[in-house]
Amino acid sequence: MTKSVPMATWIVNSSATVIKDRWIDLRAEDCTTAAGINIAPYYVLHYPDWAHIVCLDRDDRICVVSQYRHAVARTVMELPGGVIEAGEDPLAAAKRELREETGITADQWRACGSYATNPATHANSVHIFACRAVSIAATQLDDQEDIRCAFLTLQDLKVAINRGEFSHLLHVGAVCQALDLI
């Protein structure tokens with residue numbers, strides 16, 4: 001494997017907020033590349049970091065959640081997870097999100113890495129955790145959430161991936177990383 005060679009960073013000449021609220025911070029930046037080429041505007045999205053959880057039950061089935069996603073206008077299957085609140089530890093956020101969305105309390109937590117969500121335009125990271133379900137209680141969904149929970153075998157999950165039912169690439173990658181499939 002070859003080692004990557006650091007490249008010169010761009011110079012940010014100016015940065016203006018296009019929109020900022022609790023969910024998104026979109027900035028339009030005027031940049032100059034290392035070769036002296038001006039790129040403006042270059043849009044950068046500053047989201048909070050996210051936590052995704054690969055939770056296995058005692059039969060090694062994987063916990064998945066299904067919910068409507070408006071950008072693609074359909075219900076999709078994903079891993080439990082969500083936004084890491086300001087000042088919150090990623091593992092604490094993962095435990096909270098798993099409990100809220102699925103009612104699951106888990107043990108044997110293992111950090112599986114932190115990754116850039118889309119380094120071309122997004123400034124946030126996703127933190128992946130694996131765990132083992134211990135108990136299931138009632139969910140604690142937010143008012144705007146309608147989430148269904150299920151457990152799938154790895155084979156059933158692979159079928160869902162191939163059918164496009166489990167189609168979020170960050171989640172597919174999280175499963176691969178947590179289960180040492182790559």
Which residues, taken from the stretch 59-86, are basic (Lys, Arg) and modelled with pLDDT of 95 or more? 61
Residues in the stretch 98-106: is at least one assigned to a helix (DSSP H, G or I), closer than 23 Å to residue 49 by Cα and among the β-branched types (Val, Ile, Thr)? yes
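I want to confirm something. Restricting to the stretch 61-88 and keeping residues that are hydrophobic (A, V, I, L, M, F, W, C) and part of a strand (DSSP E or B), which single residue is farthest from residue 132 (Cα to Cα)? First the steps, then the outcome.
In the first step, residues of the stretch 61-88 are kept if they are hydrophobic (A, V, I, L, M, F, W, C); the result is 62-65, 71-73, 76-77, 79, 83-84, 86.
Next cut, part of a strand (DSSP E or B) only: 62-65, 76-77, 83.
Numbers: 62: 9, 63: 10, 64: 13, 65: 16, 76: 23, 77: 20, 83: 21 Å.
The extreme case among them is 76.
Could you tell me whether the stretch 163-170 includes any residue that is part of a strand (DSSP E or B), of a type outside the set (Ser, Thr, Tyr) and under 15 Å from residue 51 (Cα atoms)?
In the first step, residues of the stretch 163-170 are kept if they are part of a strand (DSSP E or B); the result is none.
Scanning the stretch 163-170 turns up no residue that is part of a strand (DSSP E or B), of a type outside the set (Ser, Thr, Tyr) and under 15 Å from residue 51 (Cα atoms).
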Residues that are of a type in the set (Asp, Glu) and free of Cβ contacts under 8 Å to residues at least 60 places away in the same chain, drawn from the stretch 163-181: 180
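Within the stretch 72-99, how many residues turn out to be surrounded by fewer than 12 Cβ atoms within 10 Å (Cβ to Cβ) and either in contact with a Pro (Cβ under 6 Å, 6 or more places away or on another chain) or under 20 Å from residue 125 (Cα atoms) (or both)? Break it down into steps so the answer makes sense when it comes.
The first filter runs over the stretch 72-99 and keeps only residues surrounded by fewer than 12 Cβ atoms within 10 Å (Cβ to Cβ), leaving 72-74, 86-87.
If we keep only those that are either in contact with a Pro (Cβ under 6 Å, 6 or more places away or on another chain) or under 20 Å from residue 125 (Cα atoms) (or both) as well, we get 86-87.
Here the count works out to 2.
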Which listed residue is outside any loop (DSSP other than H, G, I, E, B) and farther than 28 Å from residue 164 by Cβ, from 31, 112: 31
Residue satisfying all of: in the stretch 123-144; under 17 Å from the mean Cα position of the chain (by Cα) and not hydroxyl-bearing (Ser, Thr, Tyr); nearest to residue 54 (Cα to Cα) among these: 130
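Each row is one residue, and each column tells you yes or no for (1) touching a helix residue (DSSP H, G or I) at 6+ places or on another chain (Cβ under 6 Å); (2) loosely packed, with under 14 Cβ neighbours inside 10 Å; (3) part of a strand (DSSP E or B).
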site	(1), (2), (3)
13	no, yes, yes
17	no, yes, yes
23	no, yes, no
51	yes, no, yes
59	no, yes, no
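The values are calculated or read from the model by the stated rules, or taken from the named source; none is laboratory data. Quick caveat: nothing in here was measured; it's all calculated off a predicted structure. Quick reminder, even Gly has a Cβ in these numbers, built from the backbone with ideal geometry, and neighbours come from all protein chains shown.
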